[in-house]
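A short worksheet on the structure shown next.
Every number in this text was worked out from the coordinates using simple rules, so none of it is lab data. Bear in mind the structure is a predicted one, so any value in this text is a computation, not a measurement. For neighbour counting, all protein chains shown are included, and Cβ atoms are generated from backbone atoms with ideal geometry for every residue, glycine included.
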Amino acid sequence: MKQKDFIIGTLGSHSALQILKGAKDEGFRTVNIVTPESEPFYRTFPFIDEFISIPSFAEFPSVEKELAAKNVILIPHGSFVAYLGSENNKNMKVKYYGNKNVIDWEENRDKQRNWLQTAGINIPRQFDNKHEPIQYPIIAKSYGAAGGKGYFYARNKTDFERKIKRFGTKQFIVQEYIIGVNLYIHYFYSPITKKIEIMSMDKRYETNVDSLGRIPLEGQKGLTIEPSFVVVGNSDLVLREGMLTEAYNMAKNVIDTSQKIVGNRGLFGPFCLETIITPDRKFFVIEISCRIVAGTNLFTHGSAYSWYYYNEPMSTGRRIAREIKQAIEQDKLDLLLD
Amino acid sequence: MKQKDFIIGTLGSHSALQILKGAKDEGFRTVNIVTPESEPFYRTFPFIDEFISIPSFAEFPSVEKELAAKNVILIPHGSFVAYLGSENNKNMKVKYYGNKNVIDWEENRDKQRNWLQTAGINIPRQFDNKHEPIQYPIIAKSYGAAGGKGYFYARNKTDFERKIKRFGTKQFIVQEYIIGVNLYIHYFYSPITKKIEIMSMDKRYETNVDSLGRIPLEGQKGLTIEPSFVVVGNSDLVLREGMLTEAYNMAKNVIDTSQKIVGNRGLFGPFCLETIITPDRKFFVIEISCRIVAGTNLFTHGSAYSWYYYNEPMSTGRRIAREIKQAIEQDKLDLLLD
Amino acid sequence: MKQKDFIIGTLGSHSALQILKGAKDEGFRTVNIVTPESEPFYRTFPFIDEFISIPSFAEFPSVEKELAAKNVILIPHGSFVAYLGSENNKNMKVKYYGNKNVIDWEENRDKQRNWLQTAGINIPRQFDNKHEPIQYPIIAKSYGAAGGKGYFYARNKTDFERKIKRFGTKQFIVQEYIIGVNLYIHYFYSPITKKIEIMSMDKRYETNVDSLGRIPLEGQKGLTIEPSFVVVGNSDLVLREGMLTEAYNMAKNVIDTSQKIVGNRGLFGPFCLETIITPDRKFFVIEISCRIVAGTNLFTHGSAYSWYYYNEPMSTGRRIAREIKQAIEQDKLDLLLD
């Protein structure tokens, strides 16, 4: 089959604009699965060929047959698991870009931790054993927390016990709170070229924590402000060049390890290491995201890094489409789909 | 008349570089009205065809005749009202891009509030009634506050009363201080295409508030630091894609409402909604700016968003020039000038 | 000699990617001097023609002869003095871009202060005289502090005396701590065109200080967090346009003064003024860097400012290569090398 026999599609949310613009730039036809609320907005853009409207994303299964019939290749992003659940993703019959095995390894915090540790990645201490004293401050994270919801910070035991009561979930982990700056590194690993590329980086913009520093000590007196970490945007960053080698090596180790333990070709395509960097310039990886992340939305026209690899604007969305295009040309599409 | 019969001009300040570069990219001749201090700096750029020097911006009326004779289309920006006053803007005889009726609706805080409320926009609570108890923390804003000057924050009544004494203005409003992150959304509405475009977004860089978070609790002890909100720069941001539909709808409602209540074609061209986003992902609009804002200066070569609409670099300044060019071609210039 | 007779080279660190990509874009052959650890990473980029591997950067002198034989023009960056020391830089026999006289004026804090003061630049108060009472808060900086290491903040005398004991260096200065926002302005001065260009701007991303604001007052209680200023990245910024004239004038005065006091053609090529801006919109220059700075790494494809001068992507790295190329064409290379 040829490129013109395929359509690139995704859910109208998260990073759909980037994915569909990138697909169009690579010569694909595009389809956007939208809700009635968002359709008028998405219709203002010139690179979306078709719209399929569903009442809510949860009703995605009802259009699967139509998508399969159109020969759509679906590009999953953060909204896929959030809205459809991991089982619905794994059971999908449409051509799905990526390795579905990875979903479990990402979702289960113990498996994810095991993966990162096996890859030799530095991760925050976790307080699993109830007999081991917790060292404060800590951050508690519920299972399946996404978009910065389902986290809380505690500075000591009293604080922790007060907050855990209100937390309303039994599945959570307690990690040391690393004091350092956040950096999210966006990678792309191609099983066709066997190369890892550093596509871009970002810092999340979180409400309310990213506003608290603007209220001085005196101004905070008498106010009880609970910090929350809800992600509403992203801003750009570059990393000190002397630390790029380590950023590259971490990604390489994560990919190599995934090929051994995740099964079914391991992790490939776009992924993100979410790091905290301490004053001794040490990375702590607090999470891995195994697909395109929203921070890449900053780089529609390429990033400080992607221009080093490509003499043309290369977003992560476009990189995915380029990969699929090359796989079609080389008859290797089965390397990329699940 | 043809494009070559017009010159695009502005005051050498605020967003003049972007406006004049954009005009040149669209094929216009350009003129910059400068003061002697800034002329050598502006002369280092290759896209400004003519300079008119005046001792200070307040003396702008002295060159109006010359500008009218040259058939200059003036693009107003934030310095126009700040330096010339709203009356001088309204009385201007030169071709003026935009609807001058909007000036009053923007400047008068009650009218602006009325406009936004009629459009169904979520705005912070305002404490107008002296018999209604103020809920702290609050932010007080003088009428005509600009560039972040003329604001103060108060955490309780004592704090408020101490600060209001020193404030030196009788025209001010008291609003709840929303704890959340700031996001400034830059739009463009074209009465020619009838479309709203999300051009770009930014976060302001304010001194001293954006430095306070770097001094820890211990380090702030014994220092009395009064937070100030003076804008000295801007940095880039993208919004979570799932919130773009609401960002788009807010703009649509603001434009629709303006056509009903502002008169004379309503608001068109570039404008900005200044928002605060709370942890429940709710927008509060704290202000509307009805012209090009300084945050667009980040995007000389296009933004993450403008690349979605245009397959060429499109700043807001260039978008204005493109609009004027198309209006000239379609003989619709009277839709755009006042 | 012609362009093809030269190779542009640098150490694989700091801003090497930008320098070598820029050189390649201008048509030069490129060489990267790397360590075994970083070589695999640098080999993933397509614009580096040759690699020379040394066990550590300190062994650079061992390859000098080879570089001279190849007719390499070396572009120094922040790692040159950090890893090789100023004497090794001054004694280098390879073609060296820039004026080595500047090294002493930059490294010696008294000379640097003298230079800036002579240029009429506003700098923070320094407490030199032991009989003069220190006004707190202060920042103490060791001689040769780089990358944000070797600094501490003190809010009062007790705090200062406690920290100075642990500081472990005798050569340091004590400056007033200016409360305001940081802005790093990247310039380029060409002795060929005699023009100053504002290439770009950034804000540093420092650990841990840029994470502290995310912990509210209540959350910091009971924690003793020592602020540190270790630079691990950079994010982009634009300056209020009304302040650009002053930014331009400061650079002009710094260059003019350098031609009088530094000797040997003064400062030329890329440099950076590191500023703090206070709420009255006043610049304080806290440091000058006399070569390409890491903040320019954000702008591989040009910045909001460089697009105003050039209708093509112009990073600082590429600007250097363009300068050398033009000097070769005009037979003026001796204006640029030392």
One would report the antiparallel percent of DSSP beta bridges in the protein assembly as shown, rounded to the nearest 5, as 75 percent
Under a 10 Å cutoff between Cα atoms, tell me which one of B:23, B:294, B:247 has the largest fluctuation in the Gaussian network model of chain B. B:247
Pairwise centroid distance, computed over Cα atoms, of the range A:58-80 with the range A:125-199, Å: 31 Å
If you build a Gaussian network model of chain A, linking Cα atoms that sit under 10 Å apart, which residue out of A:165, A:157, A:130 swings the most? A:130
Amide H contacts under 5 Å for residue C:149, placed H, 5+ residues apart: C:231
Among the DSSP beta bridges whose two residues both lie in chain B, what percent are antiparallel, rounded to the nearest 5? 70 percent
Karplus ³J(HN,Hα) for the range A:119-127 (6.51 cos²θ - 1.76 cosθ + 1.60, θ = phi - 60°; Hz, whole; x = Gly/Pro) runs 7, x, 7, 7, 10, x, 4, 10, 9
Under the span-like rule (Cα at least 18 Å along the axis, Kyte-Doolittle mean at least -1.0), DSSP H helices of chain B: B:244-261, B:316-329
Under a Cβ-only charge scheme (Lys and Arg +1, Asp and Glu -1), can you give me the dipole magnitude of the protein assembly as shown about the Cα centre, in debye to the nearest 20? 1000 debye
Cα gyration tensor shape for the protein assembly as shown, rounded if a/c is under 1.5, else prolate or oblate: rounded
The range B:145-207 shape via C-alpha gyration tensor axes, a/c threshold 1.5: prolate
Can you classify the range A:112-243 as rounded, prolate or oblate using the Cα gyration tensor, where a ≥ b ≥ c are the square roots of its eigenvalues, rounded means a/c under 1.5, and otherwise it's prolate if a/b beats b/c and oblate if not? oblate
First select every other residue whose beta carbon is under 13 angstrom from the beta carbon of residue B:167; then total the charges, Lys and Arg +1, Asp and Glu -1. +4
What does the average come to when, for each residue of peptide C:197-209, you count the partner chain Cβ atoms lying within 10 Å of its Cβ? 4
Under the definition of partner shielding as Cβ atoms of other protein chains within 10 Å of a residue Cβ, what is the mean value for peptide C:10-17? 3
Could you work out the relative contact order of chain B, using alpha carbon pairs under 8 angstrom and six or more residues apart, expressed as a whole percent? 22 percent
Can you list the residues, at least 5 places off or on another chain, whose amide H is less than 5 Å from the amide H of residue C:314, using H built in the peptide plane? C:302, C:303
Net charge contributed by nearby residues that have their C-beta within less than 12 Å of residue C:48 (K/R +1, D/E -1): +1
Can you compute the modelled spin-label distance between residue C:114 and residue B:330, with each label point 7 Å from Cα toward Cβ, in nm? 6.6 nm
Surpassing 22 Å at the alpha-carbon level, of the pairs A:65/A:100; B:203/C:21; A:149/A:170; B:111/B:260; B:195/B:260, are B:203/C:21
From DSSP H assignment alone, runs of 4+ in chain B each adding -39500 (n - 2.57), the sum over residues rounded to the nearest 500 puts [θ] at 222 nm at -8500 deg cm²/dmol
Reachable aspartates and glutamates from residue A:24, Cα under 18 Å, same-chain residues fewer than 8 places away excluded? A:5, A:49, A:50, A:312, A:323, A:329, B:312
